[in-house]
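Participant: Please read through the structure below; I'll follow up with questions.
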Amino acid sequence: MTTGSAEQDRGEEHYGRGAVREVCVIGGNRYFGKRLIARLTAAGDRVTVINRGSSAPPPGTVHLVADRNDENSLEKALGSRTFDAVIDQVCYTPRQAEIACLVFAGRTRRYVMTSTVEVYEYEDSAELVREDAVDPRTVPVDLELPWDEPEFLDAHYGEGKRQAEAVFAAEPGFPYVAVRVAHVLGGEDDFTGRLDHYSERIRAGRAISVPATNHPATYIHVEEIADFLAWAAGEEFTGPVNAASHGVLTTEELCEALAEHLPGGRTVFRPVEVGGFSPFSFARSYGMDNTRAERLGFTFGKAREWLPRAVAETLGKAN
């Protein structure tokens with residue numbers, strides 16, 4: 001993987017078409033969202049950022065303040081604006097998807113929703129999972145569930161994304177893409193705390209709880225998913241697409257990479273039968289197959305090659 005200006009060149013190669021595009025990003029003020037916006041602006045796109053106004057958008061963008069959960073708020077903020085592409089970084093529920101369909105129908109040539117590997121949370125496959133394992137056209141939607149309650153949404157994250165995809169898929173003629181993002185690693189601004197969970201335990205020699213049978217998973221670097229979303233915004237395909245680097249990583253491999261930076265630490269695994277697993281440890285196997293994306297023209301890196309860099313970045317020890 002490359003960094004800096006080389007990544008910008010890659011972005012221009014993938015999604016630059018010569019003409020200035022109008023691109024709307026909903027959310028996107030942190031982590032891979034801000035990297036996505038940087039790529040779009042570097043390629044010469046005019047970028048409009050929609051959020052609630054709690055944080056300023058990146059420089060060089062148009063800022064619209066609106067509540068994406070409120071159809072009237074979105075309509076008022078948008079006015080008569082139309083877009084070549086909308087990239088929705090914060091669509092978590094079928095209600096939000098329904099509002100997006102109502103507001104953006106006829107306003108955009110393309111709607112890219114950031115989805116998740118967790119749509120496959122009920123799969124258990126020795127083979128990497130392809131997109132057709134979860135067909136959003138067959139997923140039942142229940143708008144009456146308490147999607148506005150944070151605890152419910154946290155506990156049903158994968159289901160919320162599944163049903164959001166289903167709403168977009170059911171809308172006739174709506175040009176949506178659901179990017180099913182693998183577990184994201186890397187960056188000095190990783191806010192998730194998941195690698196920190198491991199590093200703290202390794203430093204202290206505390207037990208790391210894992211399933212009795214612990215399965216590997218697919219991952220993607222924070223810079224690579226920003227590349228992918230920028231690329232996807234300029235393509236023509238629709239429907240679900242998996243975004244994951246080549247190769248799976250085990251919990252042991254993650255801890256080994258962390259231990260390289262934690263002299264004197266000790267990695268201790270504690271197998272447990274149910275509940276209380278550490279992040280990035282999985283009782284099911286549902287790593288993602290990236291064949292569709294590669295056939296469409298995107299080239300992924302290899303997880304084992306960028307893992308040392310990702311760990312160093314997150315720990316603040318990158319050169």
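The values are calculated or read from the model by the stated rules, or taken from the named source; none is laboratory data. This one's a predicted model, so the numbers in the text were calculated from it and none came from an experiment. We place every Cβ from the backbone using ideal geometry, glycine too, and count neighbours over all the protein chains shown. Heads up: the accessible areas ignore ligands, DNA and RNA and are worked out on the full protein's heavy atoms, side chains in. Shrake-Rupley method; radii C 1.70, N 1.55, O 1.52, S 1.80 Å.
One line per residue, one yes/no per condition, for (1) modelled with pLDDT of 95 or more; (2) under 19 Å from the mean Cα position of the chain (by Cα); (3) open to solvent by 50 Å² or more (accessible area, probe 1.4 Å):
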residue: Val20; (1), (2), (3): no, no, yes
residue: Lys34; (1), (2), (3): no, yes, yes
residue: Leu40; (1), (2), (3): yes, yes, no
residue: Arg46; (1), (2), (3): yes, no, yes
residue: Gly53; (1), (2), (3): no, no, no
residue: Pro59; (1), (2), (3): no, no, yes
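Participant: In addition: Any chance the stretch 244-261 includes a residue that's under 30 Å from Val86 (Cβ atoms) and without any contact (Cβ under 8 Å) to a residue 12 or more places away in the chain? Even if it seems obvious, please write down each step before you answer.
Facilitator: The first filter runs over the stretch 244-261 and keeps only residues under 30 Å from Val86 (Cβ atoms), leaving 244-246.
Retained after the next criterion (residues that are without any contact (Cβ under 8 Å) to a residue 12 or more places away in the chain): none.
Looking for residues that are under 30 Å from Val86 (Cβ atoms) and without any contact (Cβ under 8 Å) to a residue 12 or more places away in the chain, one finds none in the stretch 244-261, hence no.
Participant: Here's another thing I want to ask about it. Working only within the stretch 287-319, note down all residues that are in a helix (DSSP H, G or I) and either among the charged types (D, E, K, R) or open to solvent by 40 Å² or more (accessible area, probe 1.4 Å) (or both). It would help to see each step written out before you state the result.
Facilitator: Applying the first criterion (in a helix (DSSP H, G or I)) to the stretch 287-319 yields 291-296, 303-314.
Passing the criteria: Thr291, Arg292, Glu294, Arg295, Leu296, Arg304, Glu305, Pro308, Arg309, Glu313.
Participant: Out of everything in the stretch 250-286 that is part of a strand (DSSP E or B) and in contact with a Ser or Thr (Cβ under 6 Å, 6 or more places away or on another chain), what residue ends up being surrounded by the most Cβ atoms within 10 Å (Cβ to Cβ)?
Facilitator: Of the residues in the stretch 250-286, the ones part of a strand (DSSP E or B) are 268-272, 282.
So of that shortlist, the ones also in contact with a Ser or Thr (Cβ under 6 Å, 6 or more places away or on another chain) come out as 270, 272.
Working: Arg270: 11, Val272: 16.
Looking at residues that are part of a strand (DSSP E or B) and in contact with a Ser or Thr (Cβ under 6 Å, 6 or more places away or on another chain), I get Val272.
Participant: Give me a count of the residues in the stretch 205-249 that are among the hydroxyl-bearing types (Ser, Thr, Tyr), under 16 Å from Arg194 (Cβ atoms) and either under 18 Å from the mean Cα position of the chain (by Cα) or assigned to a helix (DSSP H, G or I) (or both). Can you show your working first?
Facilitator: Let us first name the residues in the stretch 205-249 that are among the hydroxyl-bearing types (Ser, Thr, Tyr), namely 209, 213, 218-219, 238, 245.
Okay, now just the ones that are also under 16 Å from Arg194 (Cβ atoms), so 209, 218-219.
From the residues that got through so far, the ones that are either under 18 Å from the mean Cα position of the chain (by Cα) or assigned to a helix (DSSP H, G or I) (or both) too are 218-219.
The number of residues fulfilling the criteria is 2.
Participant: Mind checking which residues of the stretch 56-109 are part of a loop (DSSP other than H, G, I, E, B) and among the acidic types (Asp, Glu)? Before the answer, list the steps.
Facilitator: First, pick out the residues of the stretch 56-109 that are part of a loop (DSSP other than H, G, I, E, B): 56-61, 66-70, 79-82, 84, 89-93, 105-107, 109.
Of everything in the stretch 56-109, those that are part of a loop (DSSP other than H, G, I, E, B) and among the acidic types (Asp, Glu) turn out to be Asp67, Asp70, Asp84.
Participant: Related question: Do you know which of the residues in the stretch 118-129 that are under 20 Å from Ala164 (Cβ atoms) and part of a loop (DSSP other than H, G, I, E, B) is most open to solvent (accessible area, probe 1.4 Å)? Even if it seems obvious, please write down each step before you answer.
Facilitator: So in the stretch 118-129, the residues under 20 Å from Ala164 (Cβ atoms) come out as 118-123, 129.
Filter once more, so that each one left must be part of a loop (DSSP other than H, G, I, E, B): 121-123.
Numbers: Glu121: 47, Tyr122: 150, Glu123: 54 Å².
Step by step, filter the stretch 118-129, then rank; the result is Tyr122.
Participant: Right, next: Under 6 Å by Cβ, and 6 or more places apart or on different chains, what pairs join a residue from the stretch 102-117 that is buried (at least 21 other Cβ atoms within 10 Å of the Cβ) with one that is in a loop (DSSP other than H, G, I, E, B) and polar (S, T, N, Q)?
Facilitator: Thr114/Gln89
Participant: Which of the residues belonging to the stretch 130-145 are open to solvent by 80 Å² or more (accessible area, probe 1.4 Å) and either within 16 Å of Glu165 (Cα to Cα) or among the small types (Gly, Ala, Ser) (or both)?
Facilitator: At the first step, the residues of the stretch 130-145 found to be open to solvent by 80 Å² or more (accessible area, probe 1.4 Å) are 130, 132, 137-138, 140, 144.
Across the stretch 130-145, the qualifying residues are Arg130, Asp132, Arg137, Thr138, Pro140.
Participant: For the stretch 146-186, what are the residues that are open to solvent by less than 80 Å² (accessible area, probe 1.4 Å), assigned to a helix (DSSP H, G or I) and of a type in the set (Asp, Glu)?
Facilitator: Scanning the stretch 146-186 gives Glu159, Glu165.
Participant: Could you look through the stretch 191-223, keep only residues that are touching a Phe, Trp or Tyr at 6+ places or on another chain (Cβ under 7 Å) and within 25 Å of Arg35 (Cα to Cα), and pick out the one that is modelled with the lowest pLDDT?
Facilitator: Of everything passing the filter in the stretch 191-223, Phe191 is modelled with the lowest pLDDT.
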